[in-house]
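The structure appears below as structure tokens.
Here, each number is a calculation from the coordinates, and none is a lab measurement. Note that this is a predicted model, so its numbers are computed, not measured. All Cβ positions, glycine included, derive from the backbone under ideal geometry; neighbour counts span all protein chains shown.
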Amino acid sequence: MRVLVAWCPDWSVTAGLFELAETGDPGSEGRASSNQPAAVLSNNVVEVCNTAARAEGVRRGQRRRDAQARCPELVLLPANPERDARYFEPVLATVEELRPGVAPIRPGLLAVPAPGRYFGGEPHAAAIVAQRLVETGVWDCRLGVADDLFTAEQAARQALVQDCVVVPPGRSAPFVQALPVRVLADLTDGGAHGSAEGRELADLLRRLGLTTLGDFARLSAAEVSNRFGGFGLSVWQRARGGAPTALGSRTPPPELACEVGFEPPLESAEAVCFSVRTTAERFVQGLAGRQLVAVAVRIEAEADGVVTSARTWLHPRCFTSRDLVDRVHWQLQAGTAGSGLRSRRDSGAVRAAIERVRFLPETVEAAADHADGLWGGGADEQVTRGVARVQAMIGFDAVRSPVLQGGRSVADRQASIPWGERPVGLRPVDRPWPGRIPGPAPARVFSPPLLADVVDEAGRTVAVTERGVVTGEPWRYRIDAAPDVAVRRWTPVSSWAGPWPVDEAWWLSTETSGRSGRSARFQVVGVDGRAWLLVWRAAGWEVEAGYD
């Protein structure tokens, strides 16, 4: 079996630019072009960069500031494996229309049995695949055809943009043995950038004086197995052209999407919701027939043949037909800029008459995982259904749930999301966060913070120097505008702990950021037994939280 490999270099950058162009972020207009230098960052280190960025001196492994120093106009994109896989799905579907049996190796790389005979030869088949990929918006695609997967991948890496390198049958071994050992650093193991074992083996072979795969292939199997282990032996077999090829072709997903068209188009959100009920029931029943439920659904609304509103909705449990109708209603009345819809004040009228609504399942799970228990769902299910009814009455964004995120202050560690949504974009909790106060966490967090005064025994206001030194021991404190009148008077300090100094966003002005500059936190207990979390700033003292 001959193998055709399609390789899309720097796919993480390509997918990030696709997403940037679709979001329509006003701050990123004109920057989502494939010709713009762009890089994907992970932990402030360049993980992937495109050709335009490499031409400016940006390289993988550089720190963010070094990359920006070499290319100030560099477009920075966050690492997101789910985004890479999502935008690679249309590429897989495009190739699958030409030749079933596509094997997705990783986002940006796929393999398929070479469809040479049907298309009049392997070069013609590769040219048709490249043309279809370009039509989907993937300009940088390179293809390779060989007897095995490893050789076909290396041939694709030798090809030019939108071109193909065909290794004749029986010539895989000479082709591979002429390659330098550095190609082992990009050996595919399901990851995005090659395996660590491949990079270590390539470095070891160079230090041993073996510069090409042919030098490595001339060693005996016993020598390779004893010195380089099982991984080295598998590479040795590939270098000799004897590696077996087993493509794990994917099964095309069933058509689970449902849509409904309106003729004439509907100009009211209520009319649209009433008309999509049957389609929502058909969508849920179609999933149930395959023992599936949807936990993430994308809803699209078309007007004049253009998608004017699209959003992916998540559910804490699974979607029912009533949930889908509610989401359609919320989406049509969102009134966000760019959605093409009016606000809620417009009595449900939409800005453009809706002519089609489509339900697309993005995440489905087995129905057995969401089945009720033997004695029912219990209190949790009742709470979920009750909150869903309240949300349907007062709006999607009106019901929110708190989540914990990383941060130094107790206010920064709080975040709220609409009930039913999954938290995304939160700061990680497991980071060190220097300057964070130790536990236990306070029970009440004041927003905005309450103004306070803290003085020493002589009546001077206590402050914190640039070196984190307290100018005097806190002796008394007073909280202005406190809910309890008793704490508005001066209260002697029984004990205190701190300071925990932090210097945040020093490059921003206080007028711009509101919380930039130096600050220090104190835990203070009054003689009345009440405990407070106080924050000193250059502008004065504040009460950030209280311990109950």
(message) Contact order normalised by length for region 1-166, with contacts defined as Cα pairs under 8 Å and 6 or more residues apart; what percent is it?
(response) 28 percent
(request) Please list, in chain and number order, the residues 5+ apart from LEU4 or on another chain whose amide H is under 5 Å from its amide H, with Hs placed from the backbone. (result) VAL112, ALA114
(message) Residue by residue through region 168-183, what is 3J(HN,Hα) from phi via Karplus (6.51 cos²θ - 1.76 cosθ + 1.60, θ = phi - 60°)? Round to whole Hz and write x for glycine and proline.
(response) x, x, x, 10, 5, 4, x, 5, 5, 5, 7, 7, x, 6, 5, 5
(message) So for each of 100-107, 469-476 I average, over its residues, the number of other beta carbons within 10 Å; can you give me the resulting order with the highest mean first?
(response) 100-107, 469-476
(request) Can you tell me the order of 410-418, 275-283 when each peptide is scored by its average per-residue count of other Cβ atoms within 10 angstrom, highest first? (result) 275-283, 410-418
(message) Using the Karplus curve 6.51 cos²θ - 1.76 cosθ + 1.60 with θ = phi - 60°, what ³J(HN,Hα) values do you get for each residue of region 220-233, in whole Hz, with x for Gly and Pro?
(response) 7, 4, 5, 5, 5, 5, 6, 8, 10, x, x, 5, x, 5
(request) Average the reciprocal distances over every distinct pair of alpha-carbons in region 1-166, invert the result, and give the Kirkwood radius in Å. (result) 16.4 Å
(message) What are the ³J(HN,Hα) couplings of region 97-105, residue after residue, when phi is run through the Karplus curve with 6.51, -1.76, 1.60 and θ = phi - 60°? Round to Hz, x for glycine and proline.
(response) 5, 8, 8, x, x, 5, 10, x, 7
